[in-house]
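Accompanying notes for the structure given below.
The values are calculated or read from the model by the stated rules, or taken from the named source; none is laboratory data. Because the structure is a prediction, the values reported are computed rather than measured. Neighbour counts are summed over all protein chains in view; Cβ atoms, including those assigned to glycine, are modelled from backbone coordinates with ideal geometry.
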Amino acid sequence: MAEMTLVEAVNLALHYEMEHDPNVIVLGEDVGDNGGVFRATVGLKDKFGFKRVIDTPLAR
């Protein structure tokens, strides 16, 4: 088993689930272009498009 950080594991799991289930979407602050605060969603928007990786507005 490869060693990876928690963030890398989350990213890998999101890629896996989105590849295998077209109903999976990701919503959140800066998850699209920026890849999230911790960069856990890097590459998702490029691979799966803006309809499945959706940036939400900040709500403070």
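Quickly run through segment 1-38 and pick out the residues that are among the charged types (D, E, K, R) and modelled with pLDDT of 95 or more. Correct list: Glu3, Glu8, Glu17, Glu19, Asp21. Among the residues making up segment 19-43, those that are of a type in the set (D, E, K, R) and closer than 14 Å to Asp55 by Cα are Glu29, Asp30, Asp33, Arg39.
Residue check: Arg52 meets all listed conditions (1) modelled with pLDDT of 95 or more; (2) more than 11 Å from the chain's Cα centre (by Cα) but one, namely (2). Can you report the number of residues in segment 13-24 which are surrounded by 13 or more Cβ atoms within 10 Å (Cβ to Cβ) and either assigned to a loop (DSSP other than H, G, I, E, B) or in contact with a Pro (Cβ under 9 Å, 6 or more places away or on another chain) (or both)? Adding up the residues that qualify gives 1. Among the residues of segment 36-60, those that are surrounded by 13 or more Cβ atoms within 10 Å (Cβ to Cβ), part of a loop (DSSP other than H, G, I, E, B) and of a type in the set (A, V, I, L, M, F, W, C) comprise Ala40, Val42.
When segment 37-60 is filtered for residues that are within 20 Å of Met4 (Cβ to Cβ) and among the basic types (Lys, Arg), the ones remaining, listed by number, are Arg39, Lys47.
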